[in-house]
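Comments concern the structure below.
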Amino acid sequence: MSIGVQSYPELYTMLIGWNLYDELWLLLTKTGLAFIPFIGIVLRNIAQPYQSQEAKDAAGTSLRRMEIDFITTLLIIFLGVSPFIPLDATKVSYTPLCQSDGENNAFHPGDTGTTWDNAFSVPSGDIRVPLWWYAVMAISEGFASSANTMVGCIPNLRKMVTEVDMTKITDPELKQELQRFELECYMPARTQYLKDAQNNASAITTIDNDRTHYGVDDTEWFGSHGFQDTYYQNLHATQPVKGFNYDPSADINADTDKDNPPLYGTPACSSWWSDNETGLKTRLNAALPQNFWDEFKNYVSDDKSQDGVIKKIVNNASATGYQYADNPVSNSHGASILAAVGISFEELTTYPKLYAAAESAPIIQALLLLMIYTFLPFALVFSGYRASSFIAGAVIIFSIIFWSFIWHLVSYADASLMQAFYGKDNFFKNVSPNQALTDMIIGTLLIIAPLFWFVFMGSMGIAVSNVVSGAFNKMNDVGGNSAGSGGAALGNAAKTAATAAVL
């Protein structure tokens, strides 16, 4: 029987946890600690009858109670403590919910193709699990996986924004070229635009149309569509630009040295920015993670969203060594960029934190399950193999495994809120109250939702444990009213469970 888990690390923590369970259980049996509860059974069933009955009657009562307790405990140990169901690593798998191109690949320990294969190793030897806990794991994992499919695939917009926010320009040549583009293209174009705006020149009509379509701040950044349609077509780089071929018929340096032409040409500013192969826009896009455009192509498909990505990367460059020229117009533009950095500073710190919290959640879940599986034999032995401890343990394991669905649901809420509040404007936001509200809600849910679920299920587990404990305790009552009193106790325990559920 195969078991599907909720994350890559859980592929390994499950195996490691149960391997340690096997070793610790063997250690407990060899040292005799595993048999201490039987001593407790003997002492308890001798002392209690002698406290309330005559010696002759007490002896018979003690014997019958010990028989019941020994048989019950041995059955519990066989079903719930002694490991004998094999846990084959090839039967443990993880199937990511949302895979590209409609794939449905299942990954197994050792061949996930992730760094987890190097971080953990598959335990050698046979790994065995008690029947009860194997059933608990199989049901819990299957239930959580089925619940996740009900929500379905959701866009991880938090990841999309975080990846753009964290993208830095590390290529010094690209940084220098951006500075050149500002000095040789953007600044002259903007200066001309300010002059023409006073004279109502023909270029202003085209630029105003672009501002209407792309936003009133279109003229405030390097990739201005209005400038591309007007000034950039007539402006050229003043020095050769790497990657652009020298054209003697169009290059501004064509008449300087015809016998020894430069290696590269001086492209028009429109080509310098938008060329599909060596343009600045293409090279800035290449700074993003390799699969960014494939993963989020449906959410950055229009020009405005793509502009937002490039604006954010250029804006990030101001914090990585990219400096603006020291002239009045440039300083004005630099001030606007710095202001944007200040406005977005809190956003830049909050988004990575929330993304990191969401990404670390499955790791924390997997490590908690590792601890539970490892420490389980001690809990079972020192609880005296009580049936209630098995119910409580099952509720705890189910609750933690079900966290994956809760986090998936929170991600769905996060994506819905971001789309409701921002639409396509995910990168440069002029809606800071909405941004703060979304971050507050999601940041709270990431922590509070699983804790609330855990407390809720914990109260249910205690209530159910009380029901089971009451039923098993009454099995030792050998009085004439044992059946009736046992039924009454079960009814009272059920009422307790119902009360706890309401609370």
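The values are calculated or read from the model by the stated rules, or taken from the named source; none is laboratory data. Note that the structure is predicted; figures quoted are calculated from it, not measured. For neighbour counting, all protein chains shown are included, and Cβ atoms are generated from backbone atoms with ideal geometry for every residue, glycine included. For the accessible areas, the whole protein counts, side chains as well, though only heavy atoms, and no ligand, DNA or RNA atoms are used. Shrake-Rupley method; radii C 1.70, N 1.55, O 1.52, S 1.80 Å.
Projected over every direction and averaged, the convex hull enclosing the alpha-carbon atoms of segment 186-227 yields 2.5 nm². For G40, neighbours were defined as the other residues whose beta-carbon sits under 12 Å from its Cβ, and their charges (Lys and Arg +1, Asp and Glu -1) total +1. Annotation: peptides 389-396, 140-147, ranked by per-residue average of other Cβ atoms within 10 Å with the highest first, follow the order 389-396, 140-147.
With all projection directions averaged, the alpha carbon convex hull of segment 57-150 covers 9.7 nm². Accessible surface calculations at 1.4 Å, restricted to protein heavy atoms, place segment 95-181 at 51 Å² per residue. Overall, the accessible surface of segment 107-179 at a probe of 1.4 angstrom is composed of carbon and sulfur to the extent of 56 percent. Working from the Cα coordinates of segment 146-280, the gyration tensor eigenvalues give, after taking √(5λ), semi-axes of 36, 24, 12 Å in decreasing order. Residue ranges 437-450, 366-379 sort as 366-379, 437-450 when ordered by packing (mean number of other C-beta atoms within 10 Å per residue, highest first). If eta is 0.692 mPa s and T is 37 °C, what Stokes-Einstein diffusion coefficient results for segment 103-199, Kirkwood Rh from Cα pairs, in µm²/s? Roughly 160 µm²/s, to the nearest whole number. The string of couplings for segment 385-390 from the Karplus curve (6.51, -1.76, 1.60, θ = phi - 60°) is 6, 6, 4, 4, 5, 6 Hz, one whole number per residue in order, with x for Gly and Pro.
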